[in-house]
Amino acid sequence: MENIQPVLAFCNPATGEQFGTIPMTSPEEVQRAAEEMRAAFPIWSAKPVRERIRILRKFQAVLIEAQDEITAVINQDCGKSRQDALIELFITVDMLAQSARRVPRWLRRRRVSSGLYIFKRCYVEYRPHGVAAVIAPWNYPLTLALPPALSALLAGNTVILKPSEVTGATGLLIEDLIRRVPELAPFVRVVHGDGRVGAALVEARPDFIFLTGSTPTGRKVMKAAADHLIPVACELGGKDAMIVLEDADLSAAARWGVWGAFFNAGQTCMAVERVYVVEAVYEEFLRQTLAYTEQFKSGYSAELDGASGFGPITDPRLVKVIERQLEDALAKGAHILTGGKQRGMFFDPVVIVDVDHSMLLMREETFGPIMPIVKVKDEAEAIRMANDSSFGLGGSVWSRDLRRAQNAARQMQTGSIIVNDSIAQFGVPLLPFGGVKDSGFGRIHGEEGLMQFVRPYSYMVGGPPIRWDIATILREPHHYNLGAALMHVIFGVDLRQRWEALAQLRGKRGNNKD
Ligand code: NAD
């Protein structure tokens, strides 16, 4: 930790311009933040949920008020368009509004049956973990940082947020936006810096960790958290497959497949990274895909309504990944039909064919504007190939027959699926989003996303044990035969088993007398 660079520079990847710096948070400061949030936890968690909602609605108002400021910073930080930045804000505000409306119901104490303990009442309450650490990536620096933090807060946790070092300006802005709500500020800390600051945060022993990032980072964080038995939720990488069946609306599939592959320069965990098209429609799909790709240009504008399209590669480390995967694919026989030209951090979108699963491009996450397309014999082969991946985040199926598409979708080993569209399921705040396999197991959004930030607390209430309560009978000595008989009578699965129990009880009593 002693090697932490003191300063994090903000750099616009589209222009190369450095537009600010911030000191990195030192390990001591991370530790202090954890102590402060631990001290603040009893105060925040003791607030009734409706009070927490009231305070977070003020934050919602701040977010809406600051829309142009937010989209301007994201635009500089990532190089994406102001409108794409607005999508991030829109999803964040939508998530907060919808969760705030429902969270009292989600967190309500539940009465459960006390079973045979008929003189007791049993309840499950949901209690916050304590201090929640939220570690965020750079590709959607607002909408992957705030929603988990807001879920944690609604659930009653205090929060330490670590934004990505690649988009430090958005992290700084988030800190500033939180300060604008004085009733919220004491319960959130933002720490700034790279993976070493993230590691220091894990070492500061938060009570829960929510990580969105790559699969290797997920493994590192889980290993470090295991030393302290800290529960972790991981939202990790993807290699999403798109399946195009012969009865698909090919024009829509090509248009929105292209969008799903190239939106945000492909830097979306659930981007279309592999396309499997049944042979009957392969040529036509390819023709339309190339036509739509022609219309989808990369570029940069800081204007509110600047030309859309997609921006640059945000994280310079990715350029090498893209180059390596393309080189490997070309060496193994793949052909680029269009794109691939690089200008600084911008790539012309690539449509590539003759790819197979021996290529890195089809196995590793790419996170760039590349759309590999594979011709398959039929639906079964498409599903088999889609599932031939270590990842399992999202995916899509295209068919006019919704029943058929859903049937195919159910066979895909992913955490979510969309029929006849790309990526849009992430925009639904009540749909829990996350993966299976190497894509992790955490969920963002929805009741399931929020309920990760609480743990069940059970309690049983009633008067002191009374004689005829089954709990008393089983705890008092010399009741073996009676207890066994009760079990057979109450839980016996058929008449014979129940009747045998009574016979057995009589027999055993006789034996005992012997
Ligand atoms: P990353 O793994 O490099 O970093 C993610 C965060 O973890 C950053 O804040 C980073 O500083 C921090 N970090 C790195 N090393 C750490 C350590 N040892 N301990 C604690 N924190 C550490 O990922 P990235 O490049 O920022 O983001 C892109 C990745 O995130 C892609 O793999 C993408 O698929 C994935 N992602 C997943 C989802 C999802 O919902 N499943 C969403 C967006 C992005």
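Structure notes:
- Condition check for Arg127 on (1) outside any loop (DSSP other than H, G, I, E, B); (2) more than 14 Å from the ligand (Cβ to nearest atom); (3) out of contact with any strand residue (DSSP E or B) (no Cβ under 9 Å at 6 or more places or on another chain): one failure, at (3).
- Leading residue by the ranking (farthest from Val350 (Cα to Cα)) among those in region 293-339 that are more than 16 Å from the ligand (Cβ to nearest atom) and polar (S, T, N, Q): Ser301
- Selection status of Ser458, out of contact with any Asp or Glu (no Cβ under 6 Å at 6 or more places or on another chain), polar (S, T, N, Q) and within 16 Å of the ligand (Cβ to nearest atom): no
- Residue among Ala72, Ala85 that alone is in contact with a helix residue (DSSP H, G or I) (Cβ under 9 Å, 6 or more places away or on another chain), open to solvent by 30 Å² or more (accessible area, probe 1.4 Å), at pLDDT 95 or above and among the aliphatic types (A, V, I, L, M): Ala72
- Residue pairs whose Cβ atoms lie under 6 Å apart, sitting 6 or more positions apart in sequence or on different chains, and linking a residue in region 121-140 that is touching a residue at least 24 places away in the same chain (Cβ under 8 Å) and open to solvent by less than 10 Å² (accessible area, probe 1.4 Å) to a partner that is near the ligand (Cβ under 9 Å from one of its atoms) and charged (D, E, K, R), do not occur here.
- The helices (runs of 4 or more DSSP H) located wholly in region 405-514 that include 2 or more residues which are modelled with pLDDT of 95 or more and surrounded by 14 or more Cβ atoms within 10 Å (Cβ to Cβ) occupy 446-451.
- Qualifying residue in region 44-57 (condition: crowded, with 17+ Cβ neighbours inside 10 Å, closer than 22 Å to Ala136 by Cα and modelled with pLDDT of 95 or more): yes
- Any hit, region 363-381, residues being open to solvent by less than 20 Å² (accessible area, probe 1.4 Å), within 28 Å of Asp348 (Cβ to Cβ) and either part of a helix (DSSP H, G or I) or modelled with pLDDT under 95 (or both): no
- Which listed residue is within 15 Å of the ligand (Cβ to nearest atom) and closer than 26 Å to Tyr276 by Cα, from Gln411, Gln452, Gln406, Gln425: Gln425
- In region 143-166, the residues that are on the phi < 0 side of the Ramachandran plot form Cβ pairs under 6 Å with partners that are within 10 Å of the ligand (Cβ to nearest atom) and aromatic (Phe, Trp, Tyr), at six or more places apart or across chains, as follows: Ser164/Trp138; Val166/Trp138.
- Every test in (1) surrounded by fewer than 16 Cβ atoms within 10 Å (Cβ to Cβ); (2) over 14 Å from the mean Cα position of the chain (by Cα); (3) not charged (D, E, K, R) is passed by Val397 save one, and that test is (1).
- Restricting attention to region 268-295, the residues being of a type in the set (Ser, Thr, Tyr) and in contact with a Ser or Thr (Cβ under 8 Å, 6 or more places away or on another chain) number 1.
- Unmet requirement for Ala386, which otherwise passes all of (1) among the aliphatic types (A, V, I, L, M); (2) in contact with a Gly (Cβ under 7 Å, 6 or more places away or on another chain); (3) within 16 Å of the ligand (Cβ to nearest atom): (3)
- Verdict on Val93 being away from the ligand (no atom under 16 Å from the Cβ), β-branched (Val, Ile, Thr), over 23 Å from Phe10 (Cα atoms) and surrounded by 17 or more Cβ atoms within 10 Å (Cβ to Cβ): yes
- Residue in region 327-350 that is farthest from the chain's Cα centre (by Cα), counting only those that are open to solvent by less than 40 Å² (accessible area, probe 1.4 Å) and over 16 Å from Gln267 (Cα atoms): Gly333
- Filtered by the rule that a residue be part of a helix (DSSP H, G or I) and near the ligand (Cβ under 6 Å from one of its atoms), region 132-152 gives no residues.
- When the residues of region 293-326 are filtered to those that are within 28 Å of Val397 (Cα to Cα) and hydroxyl-bearing (Ser, Thr, Tyr), the one that is surrounded by the fewest Cβ atoms within 10 Å (Cβ to Cβ) is Ser308.
The values are calculated or read from the model by the stated rules, or taken from the named source; none is laboratory data. Just so you know, these numbers come straight off a predicted model, no measurement behind them. With ideal geometry, Cβ positions are generated from the backbone for all residues, glycine too; neighbour counts draw on all protein chains shown. The protein model used for the area step is the full one, side chains on, heavy atoms only, and it has no ligands, DNA or RNA in it. Shrake-Rupley method; radii C 1.70, N 1.55, O 1.52, S 1.80 Å.
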